[in-house]
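One structure below.
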Amino acid sequence: MKYCIPLLLIFSCSTNQQEPKGADNALDAGREYLQAHLQGDFEAAAKYCEQDSAVLQTLRSDEAMFRALDREGRQLHRTASIQVYALEETGGQQAQLIYGFSYEPAKKDTLYLVQKNQRWFIASPKMQQ
């Protein structure tokens with residue numbers, strides 16, 4: 001019995017650690033991140049983020065805004081589609097995804113991506129310089 005508690009602690013600590021997932025290419029990383037973002041699954045979205053405080057702070061801010069939406073606002077996000085306008089390679093290991101959402105067709109935004117260890121992650125604009 002005295003060995004059960006330490007084993008439970010070891011298993012609970014090891015399963016809660018989230019490793020960045022990334023994606024095989026920039027388009028998939030951006031699409032998966034944005035889809036998780038629209039669905040309100042910010043834990044899944046974080047798996048596609050570079051472990052940079054600016055990126056994670058932006059994600060937390062977006063999560064707070066999503067949580068503040070009323071039921072109709074959340075449903076609008078969940079049913080929205082992603083409009084990809086362009087994927088611009090800005091170097092061998094950097095890219096920019098120009099996108100918009102179906103609920104705001106006139107608005108375009110840019111998602112910055114970086115490749116590390118052959119996986120693509122969302123990055124902050126400052127990392128693109």
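Has the stretch 107-116 got at least one residue that is closer than 16 Å to Phe42 by Cβ, part of a strand (DSSP E or B) and touching a residue at least 24 places away in the same chain (Cβ under 8 Å)? Before the answer, list the steps.
Initially, the stretch 107-116 is screened for residues closer than 16 Å to Phe42 by Cβ, giving 111.
Next cut, part of a strand (DSSP E or B) only: 111.
Those left that are additionally touching a residue at least 24 places away in the same chain (Cβ under 8 Å): 111.
Yes, the stretch 107-116 contains a residue that is closer than 16 Å to Phe42 by Cβ, part of a strand (DSSP E or B) and touching a residue at least 24 places away in the same chain (Cβ under 8 Å).
I'm checking my understanding of the structure. Among residues of the stretch 35-74 that are more than 17 Å from Gln115 (Cα to Cα), touching a residue at least 24 places away in the same chain (Cβ under 8 Å) and touching a strand residue (DSSP E or B) at 6+ places or on another chain (Cβ under 8 Å), which one is most open to solvent (accessible area, probe 1.4 Å)?
Gln35
Any residue at all in the stretch 83-103 that's of a type outside the set (A, V, I, L, M, F, W, C), more than 16 Å from the chain's Cα centre (by Cα), surrounded by 13 or more Cβ atoms within 10 Å (Cβ to Cβ) and assigned to a loop (DSSP other than H, G, I, E, B)?
Scanning the stretch 83-103, I find at least one residue that is of a type outside the set (A, V, I, L, M, F, W, C), more than 16 Å from the chain's Cα centre (by Cα), surrounded by 13 or more Cβ atoms within 10 Å (Cβ to Cβ) and assigned to a loop (DSSP other than H, G, I, E, B), so the answer is yes.
Got a sec? Which of Ala106, Ala123 is open to solvent by 90 Å² or more (accessible area, probe 1.4 Å) and small (Gly, Ala, Ser)?
Of Ala106, Ala123, the one residue that is open to solvent by 90 Å² or more (accessible area, probe 1.4 Å) and small (Gly, Ala, Ser) is Ala106.
Somewhere in the stretch 10-18, is a residue modelled with pLDDT under 95, surrounded by 14 or more Cβ atoms within 10 Å (Cβ to Cβ) and not aliphatic (A, V, I, L, M)?
No: zero hits.
Has the stretch 39-60 got any residue that is assigned to a strand (DSSP E or B) and of a type in the set (Lys, Arg)?
no
The values are calculated or read from the model by the stated rules, or taken from the named source; none is laboratory data. Not measured: the values here are computed from a predicted model. All Cβ positions, glycine included, derive from the backbone under ideal geometry; neighbour counts span all protein chains shown. For accessibility, only protein heavy atoms count, side chains too; no ligands or nucleic acids. Shrake-Rupley method; radii C 1.70, N 1.55, O 1.52, S 1.80 Å.
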